[in-house]
1. Using only the alpha carbons of segment 13-70, determine the length spanned along each of the three principal axes and report them from longest to shortest in whole angstroms.
2. Using a 1.4 angstrom probe and counting only protein chains, how large is the accessible area of GLU57 in Å², to 10?
Amino acid sequence: MEETALYGPVAQEVGSRDQKLKEWQEHHHEEVLEAEALIQEVGGLDPTGDEWIDKGEELQETLEHHIEEE
């Protein structure tokens, strides 16, 4: 959603030739993919198990890092 509503229009305004924006977009995309993969992993685990808690904490840290960067 944020890609469509915010970053896509900014890229169009600045132009895809801006190297810093391109690097940031790539980094942002990698972070989003990591969070989505963790969400999938957590969703497939037993919520009463230790692994679920560990992956949930990892997901929380990943999301907090992503939010701090933004």
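The values are calculated or read from the model by the stated rules, or taken from the named source; none is laboratory data. Just so we're clear, the structure is a prediction, and the values are computed from it rather than from any experiment. These accessible areas exclude ligands, DNA and RNA; they are computed on the full protein's heavy atoms, side chains included. Shrake-Rupley method; radii C 1.70, N 1.55, O 1.52, S 1.80 Å.
1. 48, 19, 14
2. 100
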